[in-house]
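The values are calculated or read from the model by the stated rules, or taken from the named source; none is laboratory data. Quantities reported herein were computed from a predicted structural model and do not represent experimental measurements. Cβ placement follows ideal geometry from the backbone for every residue including glycine, while neighbour counts extend to all protein chains displayed.
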Amino acid sequence: MPEKTTGERIRARRLDRGWSLTVVADRAGITASTLSRIERGLRGTNNRHLISDLAAALEWSVADLTGQPYVPADRQLEAAHARIANLRTAVAETTLELAPVDGHEPAPMAQLEQRAELVIARGIATDYAAVTDLAPALLIDLHAHAKAGNRRAAELVVNLGTPISPAFRYLGYLADSALLTERVREYAEWLGQPVPLAIADFLRANASAAIGFRRSAAIAEQARVELDRHTDEPGALDMLGMLHLTGAQSAVGQGRRGEALDRVAEARAIAERTGQTSTAALFFGPANVTVWELGLRVDADEPGKAVEVAAGADVTALPKIRQGYFWLDLSRAYTAMGKPQRERAVRALLTAERAAPQFTRSAPLARETARALRAAGGDSRDSALRGLCERLGV
């Protein structure tokens, strides 16, 4: 049986609850006619804030609304999904409240440093199959060293949050992503240092944003205030900029456009001081600020402004995940501009897939964008779009 579209899932949920189009539309802050078009597949849901609002209106999770986790679109994603259970167990059992596994002899720290570098590198490349394969044993070994008082082991756990939390999130396991970020926060609190705490809170805010924006905004704001007192610490300015960006995303999600743009401006001013950075493998800097602003403009229903922001941007030095976001969000902008920009939208979405295939094939926004493009009608790139839709499982 073909997989239900997001619109079909929304309609089924609405009818199951016994609610009219008007009731759900009012709760989501949209018109009944817009909701009707979404349910019938005549309007896309490739906007993260619209998805969040509809999920809240239907008293449903974002994952349920979007149908995550998806049936794997390729062998690598299939392998990643198969390894989630082991990774989930490792995250649950490496709390500092528990003793190490009886009789377990962890690998030497020198080896664990190398293994952590590899996991982070595979995360940067959006290789979720490798991350889910390598991370469980690594977390268990680092936990044993941390329980013996090794602070470097705890630092590595914090840094590993950057590849592991997105792997959970983009594969569709939102609750596991949130649990992982709380575990990272636990290790950061044990370290008691400003930058690890900021890294943990950035990850927590991002994981929360996938579920709802109020908590995400609160986490980012509190972390920003705390870190503002420690900007002389190495990496602190980088993380302050990232906290401004995730705060901007939450502000857009709550309809506070002016605040969001102020946050982006703050981040851009910091980026002019820091240049390109690599703290926590987040790659804060001018190019990454542009990627974030592009996505924010699309989600704020400003596709023309989004295209202006993207014009002339060079993202080739950014990690694959940020390149994937750039091209996906540019595709969303072109899609929102209508049929005259359809070919550019298709080309941008194909570029996102080439840059970050596992990310793109797992992203709800990519699937909804592909659906919208397919529904928009034909042009010379139909064969490429059909192939992409097959790889996305649409």
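The figures follow:
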{"quantity": "Boolean, Val315 is outside any helix (DSSP H, G or I) and not acidic (Asp, Glu)", "calculated": "yes"}
{"quantity": "Selection within the range 151-174 - more than 17 Å from Ala121 (Cα to Cα), more than 11 Å from the chain's Cα centre (by Cα) and in contact (Cβ under 8 Å) with a residue 60 or more places away in the chain", "calculated": "Tyr173"}
{"quantity": "Qualifying position, being part of a helix (DSSP H, G or I), over 28 Å from Leu261 (Cα atoms), in contact (Cβ under 8 Å) with a residue 12 or more places away in the chain and out of contact with any Cys (no Cβ under 8 Å at 6 or more places or on another chain), among Glu293, Glu353", "calculated": "Glu353"}
{"quantity": "Yes/no for Thr95 being outside the structural domain of Tyr325 (by TED's automatic domain parsing), farther than 28 Å from Val184 by Cα and out of contact with any Phe, Trp or Tyr (no Cβ under 7 Å at 6 or more places or on another chain)", "calculated": "no"}
{"quantity": "Residue check, Gly312 surrounded by fewer than 24 Cβ atoms within 10 Å (Cβ to Cβ) and touching a helix residue (DSSP H, G or I) at 6+ places or on another chain (Cβ under 8 Å)", "calculated": "no"}
{"quantity": "Condition met for Val62 (surrounded by 15 or more Cβ atoms within 10 Å (Cβ to Cβ), in the same structural domain as Pro136 (by TED's automatic domain parsing) and in contact (Cβ under 8 Å) with a residue 40 or more places away in the chain)", "calculated": "no"}
